[in-house]
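Visitor: Quick one: this structure, given as structure tokens, is what I'll be asking you about.
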Amino acid sequence: MNIEIRNGRVIDPKNGVDRDMSLFIGEGRVTGLGQAPASFAAERTIDASGCIVCPGLIDLSARLNSIEAELAAAVAGGVTSVVVPPDATPPLDEPELADRLIHRGKEIGMARVLPLGALTVGLRGEHLSELAGLKKAGCVAFSQAQVPLVDTEALLRALEYATTFGFAVWLQAQDYWLSRNGIAHEGEVASRLGLAGIPVAAETIAIATILQLVRDTGCRIHLTRLSSASGVALVSAARDEGLPITCDVGVHHLLLTEDDIGFFDPHARFSPPLRAQSDCQALSRAAASGLAAICSDHTPLGADDKLLPFGEASPGATGLEVLLPLTLKWAAVAGVDLPAALARITSAPADVLGLASGQLSLGSVADICIFDPGATWQLTPELLKSRGKNSPWTGCIMTGRVMVTLVDGRVVYEG
Amino acid sequence: MPPLPNPLPDAETQCRQLADLIRPHLHRRPALIGIFSGGAWIAERLKELLGLPEDIGLIDVSFYRDDFSEKGLRPQVKPTLIPFDVEGRHLILVDDVLYTGRTTRAALNELFDYGRPASVTLAVLADRGGRELPIGAAYCIWEVPLSDGETLELCKLDDGRLSWGLENA
Amino acid sequence: MHSPQLNRNGELIHLLSIEGLPPHVIAQILDTAESFMEVSARDVKKVPVLRGKSVFNLFFENSTRTRTTFEIAAKRLSADVINLDINRSSTAKGETLLDTIDNLCAMHADLFVVRHASSGAPYLIAEHLQRIGRDDVHVINAGDGRHAHPTQGLLDMYTIRHYKKDFTQLRVAVVGDILHSRVARSDIQALTTLGVPEVRAIGPETLLPKHLDKLGVQVFHDMNEGLKDCDVIIMLRLQNERMTGALLPSAGEYFRHYGLTPQKLALAKPDAIVMHPGPMNRGVEIHSEVADGPQAVILPQVTFGIAVRMAVMSIVAGN
């Protein structure tokens with residue numbers, strides 16, 4: 001379908017575009033910027049007055065427990081591609097499972113599904129999965145999700161094998177021994193509230209181990225969900241050293257700290273944990289400088305898993321529908337301008353994935369998000385399309401609302 | 001309602017009058033028990049005026065009140081202190097103002113948890129009417145009907161003298 | 001942040017933690033406890049304050065001692081007491097904590113006394129009750145994980161007030177496994193709230209939480225230094241599980257450095273009192289001679305504990 005999006009402010013961070021102009025779409029791609037292509041006849045016109053027109057958001061981590069609801073939630077949040085961790089049940093360690101997931105996503109026809117394959121069979125950290133087979137079936141990279149790979153020899157072999165094929169491995173830097181009994185950041189709040197702590201050393205020791213293995217193997221590594229200032233410092237030094245490392249930060253960790261645990265609010269339980277104010281500030285600087293991409297780490301949970309004493313509650317929050325407003329909120333607090341902020345959730349994730357998407361140049365696939373940056377709405381369970389209503393922001397006012405989302409040049413969401 | 005005397009009667013004088021009423025009955029060796037806090041002050045006066053050798057009892061009825069569900073526990077609870085054996089004694093319960101009768105009922109319940117007295121009589125300085133229970137004072141000096149919005153309270157001045165205070169809601 | 005244990009008028013409706021209790025509320029509890037001490041000295045040890053009310057003891061962690069003192073306290077207030085041993089009942093079948101609460105509320109519970117292994121569990125219950133509009137049901141925390149044991153903290157303060165009168169002149173030492181101790185956290189909160197000028201924590205690095213100084217506590221690893229001129233010594237129980245977690249080498253080494261012996265006690269003031277929440281491990285944290293000696297007030301603590309729990313139940317149930 002030929003679509004004209006007019007009167008909007010087009011922001012394409014990858015190509016440095018920030019201009020009020022029209023956007024033209026045909027056969028699922030961007031066919032005109034500012035000027036209609038020859039003999040263009042719009043079958044639909046979208047009025048984007050007062051709105052931003054940007055690439056569809058790319059979320060580097062979203063769990064799709066009930067896939068239809070979550071993919072609908074994604075496009076309601078302006079997210080057109082979701083990277084899915086391999087820790088569903090069963091873990092995604094066989095090519096057939098990747099096939100099925102991608103196929104189901106296409107059937108539903110909303111956000112694109114980009115699965116991560118399990119690095120080891122069953123995520124058990126012993127035997128390698130069929131990485132090449134999984135890649136062929138559509139996995140974009142390989143990961144252990146939140147399951148630590150304790151055996152350093154096994155980790156070394158896995159990275160060596162991945163390097164053989166030029167595959168990227170995504171790892172959560174969390175030392176098993178130092179984190180297995182902890183439920184909160186080992187800091188003032190945990191001391192006062194009597195919560196078992198996870199020290200920063202759990203992250204830095206794991207990062208140091210991974211960096212050394214990268215030096216020895218040359219494997220491309222993406223570190224997921226950094227949580228500490230010391231962790232950021234190690235990654236920054238590694239980049240300066242020229243190591244093939246990228247990283248991301250969960251959007252909640254840019255805005256919340258250990259203080260938000262308050263009176264044991266289970267909605268403030270995350271993995272990795274929310275840490276101190278100084279850690280939050282370092283993560284913010286890492287995102288602002290472009291060191292880290294931002295993701296939602298969408299983890300939809302039922303009340304049974306969340307309305308429990310803090311230490312028993314499953315960690316994580318719903319994220320797909322708040323990724324945009326929370327990123328805008330962070331940008332306002334951190335003094336980051338709109339194009340740079342949008343880059344963190346569009347072009348930067350695309351770079352991590354090595355994809356051509358996340359941009360609006362001529363010929364690009366028309367995955368587009370149109371949002372009103374000033375519109376406010378209140379976060380309530382009824383409003384969320386996701387089955388996961390678990391959020392530390394319930395009842396809060398969000399600023400930034402998605403009006404229209406397009407995938408492959410088709411309108412898949414209208415607010 | 002008849003107008004109140006202005007100024008209010010002197011409480012110290014009334015204590016002397018109350019002692020005069022009780023004096024003819026001292027052969028029964030009564031023990032005095034004052035209800036905090038107005039009744040406790042009056043009981044102290046009575047002990048001196050009547051020349052009684054025994055220490056007076058002091059009773060806090062907070063744990064026996066019937067309005068716990070509405071009002072909760074009062075902030076200033078004091079320990080009840082009964083320094084003699086209640087069993088078989090003639091007791092004189094002393095309070096400043098008799099109103100609904102509920103405080104007296106609570107005090108009776110509490111006293112009976114200590115033992116079985118031979119008798120209990122009630123001595124008050126003022127009876128303001130408004131009884132909600134079948135309770136009566138054997139010894140009373142001042143009958144003063146009041147409306148619901150008025151509060152009559154005994155207080156202790158800086159120099160230690162007892163004095164009446166009247167407040168409108 | 002508004003503490004869920006106080007209502008809008010600043011009155012106590014639940015007892016969840018010492019943290020957030022204004023000093024006048026603590027004073028009210030201690031004063032009321034004094035009256036209940038008198039009740040416990042009578043022949044008829046009962047007052048009708050909670051007559052007709054149902055007190056449910058919800059113990060997700062076994063503790064016969066604490067449960068018994070709460071039961072005695074509730075019965076002396078004329079309440080009906082129901083004991084629920086949750087280990088063996090519905091939660092084993094998968095019923096959530098809040099479902100259990102809903103069921104018990106439907107059985108007209110008035111007061112829950114809750115002991116749970118997870119820090120924060122009583123808060124979850126209190127918030128749930130508020131959400132479902134049951135402001136007639138009250139929660140008392142009998143110990144949640146490592147976080148708090150507020151009635152123990154209050155009875156410890158009652159004990160100190162009884163023997164020492166003025167908090168603002170005292171030096172108090174808390175000795176032992178503070179990292180894992182909810183009693184220690186409650187004691188420290190209470191001592192600092194009541195204006196104790198010097199609160200000391202004594203123990204090995206592995207048993208002390210980081211950031212104790214932020215709670216207003218001076219840290220000592222040398223017990224001889226830490227006990228100097230103390231007026232009150234609170235000894236904590238050392239749990240055997242700690243020995244296996246690479247936290248301590250042996251009970252013997254612990255006793256040599258952190259056990260309270262008559263020699264170490266002599267470093268404190270001559271009239272210092274020795275407290276212990278019980279049960280004691282003789283020869284591990286405390287020498288028998290000290291435990292049975294004239295400065296130990298461990299048995300009076302138990303008596304005070306019943307009066308303090310009666311005071312807490314009466315106060316919250318009436319608000």
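Visitor: Can you spot a residue in segment A:57-76 that is modelled with pLDDT under 95 and open to solvent by less than 70 Å² (accessible area, probe 1.4 Å)?
Guide: yes
Visitor: Counting just the residues of segment B:58-88 that are at pLDDT 90 or above and aromatic (Phe, Trp, Tyr), which one comes out surrounded by the fewest Cβ atoms within 10 Å (Cβ to Cβ)?
Guide: Going through the qualifying residues, I end up with B:Phe84.
Visitor: In addition: Of everything in segment B:48-77, what is within 12 Å of chain C (Cβ to nearest Cβ) and aliphatic (A, V, I, L, M)? Give them in sequence order.
Guide: Within segment B:48-77, B:Leu58, B:Ile59, B:Val61, B:Leu73, B:Val77 meet the criteria.
Visitor: Can you tell me which condition B:Asp96 does not meet? The list is (1) surrounded by fewer than 19 Cβ atoms within 10 Å (Cβ to Cβ); (2) of a type in the set (D, E, K, R); (3) within 14 Å of B:Gly39 (Cα to Cα), and all the others hold.
Guide: (1)
Visitor: Would you point out the residue of segment C:270-280, among those that are surrounded by 15 or more Cβ atoms within 10 Å (Cβ to Cβ) and modelled with pLDDT of 90 or more, that is nearest to C:Lys228 (Cα to Cα)? Break it down into steps so the answer makes sense when it comes.
Guide: We begin by selecting, within segment C:270-280, every residue surrounded by 15 or more Cβ atoms within 10 Å (Cβ to Cβ); these are C:272-278, C:280.
Of the ones still in play, those that are also modelled with pLDDT of 90 or more are C:272-277, C:280.
Numbers: C:Ala272: 11, C:Ile273: 13, C:Val274: 14, C:Met275: 16, C:His276: 19, C:Pro277: 22, C:Met280: 23 Å.
Of everything passing the filter in segment C:270-280, C:Ala272 is nearest to C:Lys228 (Cα to Cα).
Visitor: For residues that are in contact (Cβ under 8 Å) with a residue 24 or more places away in the chain and away from chain B (no Cβ under 11 Å), scanning just segment C:11-21, find the one that is most open to solvent (accessible area, probe 1.4 Å).
Guide: C:Glu19
Visitor: Would you pick out the residues in segment A:211-255 that are open to solvent by 50 Å² or more (accessible area, probe 1.4 Å) and more than 27 Å from A:Ser296 (Cβ to Cβ)?
Guide: The answer is A:Gln212, A:Arg215, A:Asp216, A:Ala237, A:Asp240, A:Glu241, A:Gly242.
Visitor: Can you tell me which residues in segment C:1-45 are farther than 25 Å from C:Arg161 by Cα and either acidic (Asp, Glu) or assigned by TED's automatic domain parsing to the domain that holds C:His128 (or both)?
Guide: As a first pass, look at segment C:1-45 and keep what is farther than 25 Å from C:Arg161 by Cα: C:1-4, C:7-9, C:43-44.
Once the filter is applied, which keeps residues that are farther than 25 Å from C:Arg161 by Cα and either acidic (Asp, Glu) or assigned by TED's automatic domain parsing to the domain that holds C:His128 (or both), segment C:1-45 yields C:Asp43, C:Val44.
Visitor: Among the residues in segment B:114-123, are any under 23 Å from C:Ala41 (Cβ atoms), of a type in the set (Phe, Trp, Tyr) and touching an Asp or Glu at 6+ places or on another chain (Cβ under 7 Å)?
Guide: no
Visitor: Here's a follow-up. Which condition number does A:Ala356 fail, the rest of (1) of a type in the set (Gly, Ala, Ser); (2) closer than 27 Å to A:Ile245 by Cβ; (3) in a helix (DSSP H, G or I) being met?
Guide: (3)
Visitor: Kindly indicate whether C:Arg8 is charged (D, E, K, R), within 17 Å of C:Gly318 (Cα to Cα) and touching a residue at least 60 places away in the same chain (Cβ under 8 Å). Walk me through it before giving the result.
Guide: Details: charged (D, E, K, R): yes; within 17 Å of C:Gly318 (Cα to Cα): yes; touching a residue at least 60 places away in the same chain (Cβ under 8 Å): no.
So C:Arg8 does not fit the description; no.
Visitor: For segment C:55-65, how many residues meet the condition of being open to solvent by 20 Å² or more (accessible area, probe 1.4 Å) and under 16 Å from the mean Cα position of the chain (by Cα)?
Guide: Here the count works out to 5.
Visitor: Condition (residue is away from chain B (no Cβ under 11 Å) and open to solvent by less than 40 Å² (accessible area, probe 1.4 Å)) applied to segment C:46-54: is it met by at least one residue?
Guide: yes
Visitor: Going through segment A:371-390 one residue at a time, which ones are aliphatic (A, V, I, L, M) and under 23 Å from A:Glu68 (Cβ atoms)?
Guide: Just the residues of segment A:371-390 that are aliphatic (A, V, I, L, M), to begin with: A:375, A:379, A:383-384.
Hits for segment A:371-390 are A:Leu379, A:Leu383, A:Leu384.
The values are calculated or read from the model by the stated rules, or taken from the named source; none is laboratory data. Quick caveat: nothing in here was measured; it's all calculated off a predicted structure. All Cβ positions, even for glycine, are placed from backbone atoms using ideal geometry, and neighbour counts span all protein chains on display. Calculation scope for accessible area: heavy atoms of the full protein, side chains included, ligands and nucleic acids excluded. Shrake-Rupley method; radii C 1.70, N 1.55, O 1.52, S 1.80 Å.
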